[in-house]
Each structure stands twice: as C-alpha cells, then as structure tokens.
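Shown next, in structure tokens, is the structure this report addresses.
Coordinate-derived values only; no laboratory data. These figures come from a predicted structure and were not determined experimentally. Cβ coordinates were reconstructed from backbone atoms using ideal geometry, including for glycine residues, and neighbour counts include every protein chain displayed.
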Amino acid sequence: MRWDALFEDMEGQLAGRQRLEFEAEIAERALVDSAGVELADRLRGSLGLSIRVQLSSGRAFEGVLSHAGSEALVLDEPQHQVLIPYAAVAHYGGLSRVAVSEPSVVRRRLGLGSALRGLARNRAPVTIFVAHDGADAGLHGVIDTVGRDFLDLAVRREGEERPPGNARQAVAIAFGALAGIRSVGAAGG
C-alpha cells in the first residue's frame with residue numbers, strides 16, 4: 001500500500017513539473033509572438049472603438065478609429081475626420097488588446113503620401129497641425145502638391161473657398177513635421 005502512495009506521489013510531481021514546463025513554454029511563445037506585433041496591427045484590432053490620441057506636441061484628438069494604415073490612422077470626430085501620422089503620436093488610450101495584421105500587400109505599401117495625394121486630388125479643404133508649433137489653430141488651406149516627403153499647402157483663411165484673386169500664399173511642410181490633418185467636411189464623408 002505504501003508503494004502505491006509513493007508511485008502516485010511521484011506521478012503527481014512529474015505531472016506538476018510537466019504542467020509548469022508547458023505553461024512556461026506557452027508564456028515564452030506569447031512573448032515571442034507579441035514581439036512581432038506592430039502598432040498598426042494593434043490599431044487595426046481597435047477599429048470602430050473610441051480612442052484618444054495624445055500627440056508629442058501636446059495636442060490630443062478623440063474619436064472613433066476608422067482606419068489604420070501603414071503610417072497613419074484616421075479618427076472620426078463628430079464633424080471632421082483627422083489623419084494622424086504615427087510618428088506624431090506620444091501615446092494612445094482606449095486600444096483593444098487584439099492585433100490584426102494587414103492581409104493586403106497593396107494596403108501595406110500605401111503610406112502617408114498616398115492619403116495626402118488623395119486629399120490634393122479632391123482639392124479638399126484641410127487644417128494642418130504642425131508638430132512643435134505654438135499656433136494652436138493650425139494652417140487652413142488646400143493641399144496643392146505632394147512630394148516624396150513634403151506637401152505644399154495653399155494657405156487660406158478658415159472658411160474661405162478660394163483665395164482672393166490669383167494671389168496665394170503657399171507653404172511647404174515636411175511629412176516629419178505633420179501632427180495631424182483635419183478635414184473640413186463631415187466625418188465619413
């Protein structure tokens with residue numbers, strides 16, 4: 001009888017050790033898997049959620065996350081949409097723990113320049129917030145051209161459809177200086 005108890009105890013210890021080794025292996029694999037997760041994947045896992053984006057410049061945006069691309073995200077505010085380059089963000093609040101990879105090779109290759117070219121093509125009025133700029137109001141205008149790493153903004157007064165006459169003030173803004181681009185139209189439109 002004592003032999004049965006001894007063997008049962010040894011079997012229990014072995015099973016416990018195997019369970020601990022299995023759990024340690026699972027934990028290690030989880031760490032390795034999470035090391036391969038990109039920020040864009042976490043953001044795609046949070047699509048449709050209301051999140052807060054705190055920029056390095058101090059400005060914050062809140063809205064429903066409607067797009068997470070390779071270099072920027074889009075938040076839907078009640079009256080606007082805001083395109084925010086990942087490079088301008090200090091931290092995010094309200095993200096899901098879920099990560100979703102981008103299955104489309106084409107979408108993975110579309111960067112910030114592609115989105116800005118779409119705004120330029122549509123002649124969409126925008127407000128551009130520049131990183132480390134003390135002016136809180138932003139620059140209002142229409143994106144004229146988009147280069148490889150910069151854009152030209154035809155500056156206008158807020159609400160002005162066209163600049164007076166042919167005189168326009170244009171400013172070139174490096175992509176690295178972009179903190180956010182807010183559309184003037186309603187969100188989703």
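General remarks:
- Modelled FRET efficiency - R0 25 Å, residue 105 with residue 67, Cβ distances, 0.05 increments: 0.90
- Residue 11 versus residue 117: modelled label distance in nm, points set 7 Å from Cα along the beta carbon direction: 6.9
- Label point distance in nm, residue 91-residue 22, each placed 7 Å from Cα along Cα→Cβ: 3.8
- Anisotropy class assigned to the stretch 31-96 is prolate, per the alpha carbon gyration tensor with a/c at or over the 1.5 cut-off and a/b larger than b/c.
- Model label points for residue 54 and residue 157, set 7 angstrom from Cα along the Cα-to-Cβ axis, are 3.7 nm apart.
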